[in-house]
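Note sheet for the following structure.
The values are calculated or read from the model by the stated rules, or taken from the named source; none is laboratory data. Quick caveat: nothing in here was measured; it's all calculated off a predicted structure. Ideal geometry is used to build each Cβ from the backbone, glycine not excepted, and the neighbour counts take in all protein chains shown. Surface accessibility is based on the protein's heavy atoms, side chains included, excluding ligands, DNA and RNA. Shrake-Rupley method; radii C 1.70, N 1.55, O 1.52, S 1.80 Å.
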Amino acid sequence: AHHTSDYSSTEAILRRGQDFNITLNLQATEQSGDNFTFIASTGPYPAESQQTKAVFNLSEEGASGWSATQKPSEPGCMNFVIFSPANAVIGRYKLKLHIVSGNKSSSTLLGQFVLLFNPWCPNDDVYMANEKERWEYVLNDSGIIFQGLEKNIQQEAWNFGQFEEDILDISLAILDRSLNHCQDPAVDVSNRNSPIYVSRVISAMVNSNDEKGVVEGKWNGKYCSGTNPLQWSGSVTILRKWYRGRYKPVRYGQCWVFAGVMCTVLRSLGIPTRVITNFNSAHDRNINLSVDKYVDISGKTLHLTEDSVWNFHVWNESWFIRRDLGSFYDGWQVLDATPQERSKGIYQCGPASTRAIKEGDVNLDYDSSFVFAAVNADYVTWIHYSNKRKERIYSDTRKIGKFISTKAVGTNSRVDVTANYKYPEGSRKERKVYKKALKLHRRQSSVAWRQNTTQPAQTPSISGKLILDASPVIGQDILLILALKNLISDFKTIKVKLRASAILYTRKHKAEILQLSRSIKLGSEEVKNISIKISYSQYKYALMDDRKILVTAVCETKQGASLLVEKDIVLQHPFLTIKVLGPTVVHKAVTVQVTFTNPLPEVVTDCVLRAEGSGLLKEQLRINVARMDPMESSTVQFEIIPYSSGKRQLQVDLFCSHFSDIKGFVMLDVAPAQ
């Protein structure tokens, strides 16, 4: 009845605002419930004044909103119904019974239970009316996180595993390790009735920056002292490692890891939560709603500003009402555990109402200005010349915040939620909201504002585009075409400087791959195509695990007009083929067959195949794979014994030192034990 049967626990796990039954087996034959007093308490310093202790008698509601009623029962036992209020503090409770009989009194500890938020209860702040949405955002223990590029969106499976053994205990331990709890445990626990408070604490605790939080972030491409962030495929292994390692931060995470772990923790506590991906996500360090990019005349990115635009950024949304802001701002709230900027002195972000972001109310709690910039900042491109002169060549109001995505309810398809964050790009309403946000920012900020951010750059006399011949697979050569067009009737000579660099998904330059210069003559309104080849031998040592290459072409005319053309490329991996050889039934072994191909024109060794999936494998499975010749296919078989019925996600992941992970997943319908 409390929708907690999936938790792997022997403890009573209950949801607030909903009654539960207890039976007392009595040694004395005659016993009246009239002299019974129940005491429910939570936290290290329970107190009625802090709502962390409730004292209530039979048939009368206590001041705390807790109550108990007696039900008919068999001889020798008594049945009671206990009711907790919909705004009770969540956490682990002790339930005591105090009995007064004549001049004697006794107290007995009846037991412990865990109380969670209740999205099924209309009076709970996290109430979600739609049953299918409750199943997806509270009960679904697997999901999809979208990554890649705005023009090449890819889905990655993630095992949330919020019902797996220890995960709820770990989620409660995360709350108990927070700075707030260390500073004042009594006040911290009393605030745990609010999803606003709990979610904000979790957003700080999932990263390790201020306290011994769960995951340590790293973005430099060197991960030998920990795990490459791309190799995680679920939260369970990470959370257990943190817990079993005595709260030592787990190395390493990037944005999707922080978001995956936070989704697990919030779902385990009963707060409806989903994972969101924002493509072309702005990191606006000085919060002036403008992100500047500088390149030199060879196309090399210059780090003259701390602003950046990531290919994608992943955060969370949780569903609850905003008693602090008013009902207009109820609904989906943005939370971001990736440590980017401090909020009130701590690396935490949110909850920021998506309604506040859409309406430009950037002055509202919490961190709505930071999220607004991530989806709305203007993107300004400059060419920086050696004599320190700079030329602004683009001001793009539409580039940032594209294809904001989440997994659909009930299926693995992508749902675009951009309209929850902003009005249509270029519409009058969108520009009006942007100006409103800019005005509010200026009032709040001491940052020096540049007035000309949004004025258009000079009209170009040439246009250009980088076109990918085909979606390249790792190990193959990359074929590109630079298409240039003269937009006016004058004859032109164009100097083209082309550069290819290996980058991270944050678009940070890591290694040079290729540089070349060409001189192109263009007649009146003429179009010319320049073929470019980047061979495997050129990129194989430079490529990072992100498998991303940025190609830039700076095109200059003698008249001094400049054009910058950019192309982000993600190299594809060959697919894994996963076959389940037989029906999947709880407690019945079934064989899984995985086939994969070495994509490289060279021998690879030291490959490891990993598999995981909630309800299918209790711990992550690891299988060593023998050497593979160039382009050779290999097959591995292993056994799983499902332990939970329903829809289950099995993830398989091949990794080795020669290339980054090849990932795949399959959805299984597991039948109950017969």
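Descriptive notes on the structure:
- On Cα atoms only, tilt of 195-205 relative to the major axis of the chain in degrees: 60 degrees
- Placing pseudo-labels 7 Å out from each Cα toward the beta carbon at Ala419 and Thr305 gives an inter-label distance of 3.2 nm.
- Summed side-chain charge close to Gly646 - residues other than Gly646 whose Cβ falls under 11 Å, Lys, Arg +1, Asp, Glu -1: -1
- Cysteines in the chain lacking a second Cys C-beta under 4.7 Å: Cys77, Cys121, Cys182, Cys224, Cys255, Cys263, Cys349, Cys555
- Fraction of the pair-distance distribution of segment 521-674 above 21 Å, Cα-Cα pairs, percent: 59 percent
- Each helix, a run of at least 4 DSSP H residues, gives -39500 (n - 2.57); summed and divided by the residues of the chain, these come to -4000 deg cm²/dmol at 222 nm.
- Potential lengthening between His587 and Ser531 on full extension [0.36 nm per residue; Cα-Cα distance subtracted]: 14.4 nm
- Surface exposure of segment 195-279, expressed per residue as accessible area with a 1.4 Å probe, stands at 26 Å².
- Segment 530-555 residues near the modelled Ile481 label - backbone nitrogen below 20 Å, point 7 Å along Cα→Cβ: 530-535, 551-555
- Figure legend: label point modelled 7 angstrom from the Cα of Tyr385 along Cα→Cβ; residues of segment 557-582 with amide N under 12 Å from it are 557-562.
- Scattering from segment 53-209 was approximated by placing one identical point on each alpha carbon and applying the Debye formula without solvent; log10 I(q)/I(0) at 0.12, 0.13, 0.18 1/Å stands at -0.74, -0.85, -1.32.
- Around Glu556: net Lys/Arg minus Asp/Glu count, Cβ-Cβ under 11 Å: +3
- Between 0 and 90°, nearest 10: helix 167-176 axis offset from the chain longest Cα axis: 90 degrees
- Peptide ranges 210-218, 195-203, 78-86 listed from the most packed, as the mean C-beta count within 10 angstrom indicates: 195-203, 210-218, 78-86
- Efficiency of FRET from Cβ geometry, Ala129 and Gln50, R₀ 25 Å, rounded to 0.05: 0.20
- Of the accessible area of the chain, computed with a 1.4 Å probe over protein heavy atoms only, carbon and sulfur atoms account for 47 percent.
- Sites matching chymotrypsin sites (Phe, Trp or Tyr not before Pro) across segment 516-624 that sit in DSSP coil, with at most 15 neighbouring C-beta atoms within 10 Å: Tyr541, Phe575
- Gained length - Ser517 relative to Arg244, 0.36 nm times residue gap less alpha-carbon distance: 92.7 nm
- Computed P(r) (all Cα pairs; the chain; 10 Å bins; percent): 3, 14, 22, 23, 18, 11, 6, 3, 1, 0, 0
- Averaging 1/r over every pair of different alpha carbons in segment 308-430 and inverting the result gives a Kirkwood radius of 16.1 Å.
- Taking a sphere under 10 Å around the Cβ of Gln162 and counting the other residues whose Cβ falls inside, with K and R at +1 and D and E at -1, yields a net charge of -2.
- Efficiency of FRET between Ala673 and Leu109 - r from beta-carbon atoms, R0 35 angstrom, step 0.05: 0.50
- Cut-off 19 Å (backbone N to label point 7 Å along Cα→Cβ of Ile641), residues of segment 651-674: 670-674
- For segment 285-343, applying the loop criterion from DSSP together with a ceiling of 12 other beta carbons within 10 Å to the GluC sites (Glu not before Pro) yields Glu306.
- Accessible surface computed residue by residue for segment 294-402, with neighbouring protein chains in place and a 1.4 Å probe, gives 36 Å² per residue.
- Span from the segment 543-612 Cα centroid across to the segment 260-310 one, whole angstrom: 22 Å
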